[in-house]
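The values are calculated or read from the model by the stated rules, or taken from the named source; none is laboratory data. This one's a predicted model, so the numbers in the text were calculated from it and none came from an experiment. Glycine gets a Cβ as well: all are built from the backbone with ideal geometry, and neighbour counts include every protein chain shown.
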Amino acid sequence: MEAVTHLKHPAFRAACRLTESAPREAEHRFLMEGALQIAKALHAPLRPLEVYIKEETEPGLADVCEQAGIDVYSVSKGLFHRLLVSGYETSTTAVAVMPWWEVALEQICAEREGIVLVAERIQDPRNLGMLIRTADAAQARALVLASPLADPYSRACVRSTTGSIAFLPVVSCASSGEAIEAFRRHGWRQIGSSAHAQRLLWEEDLKPPFCLWVGNEETGLLPETREAMDTLVRIPMGGGAHSLNVAVATGILLFEAVRQQSF
């Protein structure tokens, strides 16, 4: 394990740049915080490239990373905070540099099986992180971000996934129309979630394969996206509530699909 004692250390300096979006996008790398999440990622499709540990902490994590052939650095307490976004208080003792998902939309569409979650114009990175975590728990095959507004590799999003971003493929698509046409070309059934739908979610056949579309936190799916769906479903609402958080609604929809697969 190599010690990092100054800011000019080349690997450490490069890792610190990943707290900003432009370097993340340019290098297709991001930061994951937390010893538990990093340990889980050692067994995930996305594996850590290098790991930085606050000095005199996490000896067990350092050992397993080195056994896996991953470079591990011990960072002085005075420098470790440079790996974290300014203004956030945290008890984090380990940070990993991770690769982006390099999966094309065409790859996801070509294999017509399972459930693919498509999230349109999600703007809150914490909501996006919870969507990733929920889709992973429901064993969706992938998450497609249609016309994305939030950065899936931002600190807020990655923290909200609690490590699931290392397991669930994430694909960004510049426009919803591009995603709709790609799924249609490969014969996918496309189901949209909408408060305007006539059918309740349990009235629809939610057995795979299909892709589930969920929309923006405030406006839902775009009108043209709703029109393009094979069917729309809604979650019944009671009391004074007119809507649910997008991650909560997605969980209800996905686990109704899981329930239907059990019967």
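Key figures for this structure:
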item: Counted residues, the range 209-244 - those being in a loop (DSSP other than H, G, I, E, B), hydrophobic (A, V, I, L, M, F, W, C) and closer than 20 Å to residue 255 by Cα; result: 3
item: Residues of the range 194-207 classified as assigned to a helix (DSSP H, G or I) and either in contact (Cβ under 8 Å) with a residue 40 or more places away in the chain or not assigned by TED's automatic domain parsing to the domain that holds residue 231 (or both), total; result: 2
item: Positions within the range 211-231 being surrounded by fewer than 22 Cβ atoms within 10 Å (Cβ to Cβ) and among the aliphatic types (A, V, I, L, M), in sequence order; result: 222, 228, 229
item: Residue check, residue 112 in contact (Cβ under 8 Å) with a residue 24 or more places away in the chain, part of a helix (DSSP H, G or I) and of a type outside the set (A, V, I, L, M); result: no
item: Near pairs, Cβ below 6 angstrom, 6+ apart or cross-chain, from the range 44-57 (farther than 11 Å from residue 69 by Cα) to any residue that is in a loop (DSSP other than H, G, I, E, B) and at pLDDT below 95; result: 54/93; 55/76; 57/93
item: Lone unmet requirement of (1) small (Gly, Ala, Ser); (2) crowded, with 18+ Cβ neighbours inside 10 Å; (3) out of contact with any Phe, Trp or Tyr (no Cβ under 8 Å at 6 or more places or on another chain) for residue 15; result: (3)
item: Sole exception among (1) at pLDDT 95 or above; (2) closer than 22 Å to residue 156 by Cβ; (3) out of contact with any strand residue (DSSP E or B) (no Cβ under 8 Å at 6 or more places or on another chain) for residue 31, by number; result: (3)
item: Check on residue 132, buried (at least 24 other Cβ atoms within 10 Å of the Cβ), in the same structural domain as residue 211 (by TED's automatic domain parsing), closer than 21 Å to residue 210 by Cα and modelled with pLDDT of 95 or more; result: yes
item: Scope the range 135-156; condition at pLDDT below 95 and more than 20 Å from residue 193 (Cβ to Cβ); matching residues; result: 155, 156
item: Pick from the range 59-85, criterion of a type in the set (D, E, K, R) and either over 16 Å from residue 42 (Cβ atoms) or in contact with a Cys (Cβ under 9 Å, 6 or more places away or on another chain) (or both), ranking: modelled with the lowest pLDDT; result: 77
item: Residues satisfying the stated conditions in the range 238-263, i.e. of a type in the set (A, V, I, L, M, F, W, C) and either closer than 13 Å to residue 133 by Cβ or surrounded by 12 or more Cβ atoms within 10 Å (Cβ to Cβ) (or both); result: 244, 246, 247, 248, 249, 252, 253, 254, 255, 257, 258
